[in-house]
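The values are calculated or read from the model by the stated rules, or taken from the named source; none is laboratory data. Owing to the predicted nature of the structure, the values given are computational and were not obtained by experimental measurement. All Cβ positions, even for glycine, are placed from backbone atoms using ideal geometry, and neighbour counts span all protein chains on display. Each accessible area value is taken on the protein alone, full model and side chains, heavy atoms only, with ligands, DNA and RNA left out. Shrake-Rupley method; radii C 1.70, N 1.55, O 1.52, S 1.80 Å.
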Amino acid sequence: MSRLGTLGARLHRGEVGYDFVGKRKIWYGVSLLITVAAILGLTVKGLNMGIEFQGGAVFTTPKTSVSASQAEEKAEEAAGHDAIVQELGTGGLRIMISGVDTAKSDEIKAELAKDLGVKSDDINADLVGPSWGEQIANKAWTGLGIFMVLVVIYLAMAFEWRMAVAALVALIHDITITVGIYALVGFEVTPGTVIGLLTILGYSLYDTVVVFDSLKESSKDITKQTRWTYSEIANRSINATLVRSINTTVVALLPVAGLLFIGGGVLGAGMLNDISLSLFVGLAAGAYSSIFIATPLVAELKEREPQMKALKKRVLAKRAAAAQGEAAEATAPGGAPEPRDAEPEDTAHAVVGPRTQPVSRGRGRGRPSGKRR
């Protein structure tokens, strides 16, 4: 078995682990800083809305010897606005200029024909109205709102309302960070960006639901035991699914990273940046929020229940009594205490919940195993 597989098995059995829930205030602080930075980016810089949302003109030229960078300079000089130029497989260029009306479009077309050395009639000009982009945005917001409502209802029915609230907070967290990074980086927002934002919601919920399902199984009949608090069981659930979450996230990020850094960065396919950046940031933020935000928030809400408060008191009282007993035995006259064959309180549990498997430490000290003759 590989080292990662061995680590995953040990995490699942509870042999090792990290206190994610206990240090939740640190994660809340980190998320707050990232969210504030994202909101400031949106406020100060704003989103670089594409031509589909602002309206403008798209010029398609035939094959030309002029490079994309040179054509971009010429287009910006002719239009007085920022231009985006993409090379086509035919050797031609696709020039997009926002904020251009019909009269200005004819002037720009004539200037481009002169600068690029092609005939004006060979350049195809298409005008894009801003109303089309507004319709896409409105439908996207409507779909997002319906999705949020359905997610909350489903999680409240399948699990409980606290988990539904935590999942909703994690989703808002992921969307805010993704949109804020778009503002800070300055990538153009296109319909592909909207598709990417809607797509990451499912990925974000996947890891969260996996942890919630493990927590639901592990916390059955939790008030009937005095070994673990709810926060400790929640932390064990995160550790038990940690390697699985990492593996699924890395596998999903690899092809998206290829689109973003190789396709968009190295090869210069700018259209790939529209959807790949939102997917990359959203996947990473979704994995982070499911581990560091959603489950710790559920534990914090759950610990406020009277039953969980009473359970925590019983658990802590039992541990204190056990510690006092051990201290009394260690300081008692006559040396160390005699070993005992069976110690009910000194058993190790592989998993908290219905699959609990006690392992006695007294095995091998007393009666030998085997069939009686």
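Loop-located trypsin sites (Lys or Arg not before Pro) across segment 209-260 with a Cβ neighbour count of 11 or fewer within 10 Å are LYS220, with loop assigned by DSSP. Compactness of segment 56-128 is given as radius of gyration and Dmax, 10.5, 30 Å, from Cα positions. Ranking GLY180, ASN235, LEU253 by Cα position along the charge dipole of segment 169-255, where only Lys, Arg, Asp and Glu carry charges on their C-beta atoms, puts ASN235 farthest toward the positive end. Taking every protein chain into account, the accessible area of segment 122-213 amounts to 47 square angstrom per residue (probe 1.4 Å).
For segment 56-128, what is the relative contact order in percent, using Cα pairs closer than 8 Å and at least 6 residues apart in sequence? Show your work: numbers first, answer last.
Values: 131 pairs, mean separation 33.0, N = 73.
Relative CO of segment 56-128 lands at 45 percent.
Look at where the Cα atoms of segment 270-327 and of segment 113-179 average out, and the two centres are 29 Å apart.
Counting other Cβ atoms within 10 Å of each Cβ, which chymotrypsin sites (Phe, Trp or Tyr not before Pro) in segment 21-91 have at most 15 and sit in a DSSP loop?
On the way: sites: TRP27, TYR28, PHE53, PHE59; in loops: none.
Passing both the DSSP loop test and the Cβ count: no residue.
Extension gain, ALA327-HIS81: 0.36 nm per intervening residue step, less the Cα-Cα distance, totals 80.7 nm.
Listed here are the pairs LYS45/LYS139; LYS216/LYS302; LYS224/LYS309; LYS23/LYS224; LYS74/LYS109; LYS220/LYS302; which of them are more than 23 Å apart at the Cα? Check vs 23 Å cut-off fails for LYS45/LYS139; LYS23/LYS224.
On a full-extension model of 0.36 nm per residue, what is the gain between THR199 and THR226, subtracting their alpha-carbon distance, rounded to one decimal in nm? Extending this stretch completely gives an extra 5.5 nm.
Per-atom-type breakdown for segment 56-128 gives carbon and sulfur 43% of the accessible area (1.4 Å probe, protein chains only). The trypsin sites (Lys or Arg not before Pro) of segment 119-205 that DSSP puts in a loop, and whose beta carbon has at most 10 other beta carbons within 10 Å, are LYS119.
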